[in-house]
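Structure record follows, encoded as structure tokens.
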């Protein structure tokens with residue numbers, strides 16, 4: 001994947017894509033997306049800041065903490081994913097960054113029901129995806145900002161505040177390079 005026009009960084013799993021005001025259609029408008037895969041054939045991620053009215057009570061009978069479910073993206077929108085800190089493992093866990101992992105199986109519910117919780121986690125229905133050339137074009141059109149290695153505070157922030165926090169962080173990083 002080519003470097004980003006502003007930062008010169010290569011897209012890596014764990015980086016964030018932050019929608020610029022050029023993107024007006026849902027679910028992409030004001031979205032913050034954590035990249036989980038950046039392969040030659042595809043780029044995948046999870047929209048972090050798109051809430052739903054659904055909770056875990058709506059999707060499982062396991063006695064787990066009641067958590068809100070978010071829209072992860074329009075691909076596989078019936079699949080439930082748990083984005084979490086990397087110390088938690090389940091039978092179907094993708095460790096895509098030193099700090100972050102993605103699980104999708106019933107064992108994660110079983111573990112949660114026994115009180116085995118990661119430091120932080122959030123549930124998502126669906127995922128976001130691009131062909132690499134499509135994303136390269138969108139980056140060239142300045143539709144996305146890229147934030148490599150976002151902070152734990154940004155990822156775990158309230159979804160209503162996440163986009164503004166991400167934009168502010170990108171802005172601070174950009175100006176720090178010039179000072």
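Brief remarks follow.
- Residue 120 being modelled with pLDDT of 95 or more and within 18 Å of the chain's Cα centre (by Cα): yes
- Checking 23, 64, 33, 47 one by one, the residue that is in contact with a helix residue (DSSP H, G or I) (Cβ under 8 Å, 6 or more places away or on another chain) and touching a residue at least 40 places away in the same chain (Cβ under 8 Å) is 64 and no other.
- Filter result (more than 15 Å from residue 35 (Cα to Cα) and not in a loop (DSSP other than H, G, I, E, B)) within region 72-89: 76, 77, 78, 79, 80
Matching residues to (1) surrounded by fewer than 17 Cβ atoms within 10 Å (Cβ to Cβ); (2) in contact with a strand residue (DSSP E or B) (Cβ under 6 Å, 6 or more places away or on another chain); (3) at pLDDT 95 or above; (4) closer than 17 Å to residue 128 by Cβ:
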{"residue": "31", "(1), (2), (3), (4)": "no, yes, yes, yes"}
{"residue": "63", "(1), (2), (3), (4)": "yes, no, no, no"}
{"residue": "69", "(1), (2), (3), (4)": "no, yes, yes, yes"}
{"residue": "90", "(1), (2), (3), (4)": "no, yes, no, no"}
{"residue": "95", "(1), (2), (3), (4)": "yes, yes, yes, no"}
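Yes or no, residue by residue, for (1) within 21 Å of residue 37 (Cβ to Cβ); (2) touching a strand residue (DSSP E or B) at 6+ places or on another chain (Cβ under 6 Å); (3) surrounded by fewer than 20 Cβ atoms within 10 Å (Cβ to Cβ):
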{"site": "102", "(1), (2), (3)": "yes, yes, no"}
{"site": "112", "(1), (2), (3)": "no, no, no"}
{"site": "115", "(1), (2), (3)": "no, no, yes"}
{"site": "148", "(1), (2), (3)": "yes, no, yes"}
{"site": "165", "(1), (2), (3)": "no, no, yes"}
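- Region 140-160, residues that are over 17 Å from the mean Cα position of the chain (by Cα) and assigned to a helix (DSSP H, G or I): 140
- Among the conditions (1) under 20 Å from the mean Cα position of the chain (by Cα); (2) assigned to a helix (DSSP H, G or I); (3) surrounded by 12 or more Cβ atoms within 10 Å (Cβ to Cβ), residue 137 misses just one, which is (1).
- Qualifying residues in region 36-52 (those that are in a strand (DSSP E or B) and closer than 18 Å to residue 140 by Cα) - the one modelled with the highest pLDDT: 43
- Residue 111 being under 23 Å from residue 40 (Cα atoms), over 18 Å from the mean Cα position of the chain (by Cα), assigned to a helix (DSSP H, G or I) and free of Cβ contacts under 8 Å to residues at least 40 places away in the same chain: no
- The C-beta contact set for region 160-179 (first residue on the phi < 0 side of the Ramachandran plot and touching a residue at least 24 places away in the same chain (Cβ under 8 Å), second residue assigned to a helix (DSSP H, G or I) and surrounded by 14 or more Cβ atoms within 10 Å (Cβ to Cβ), distance under 9 angstrom, 6+ apart or interchain) comprises 162/154; 162/155; 166/154.
The values are calculated or read from the model by the stated rules, or taken from the named source; none is laboratory data. Since the model is a prediction, treat every value here as computed from it, not as a measurement. Virtual Cβ from ideal backbone geometry, glycine too; neighbours counted across all protein chains shown.
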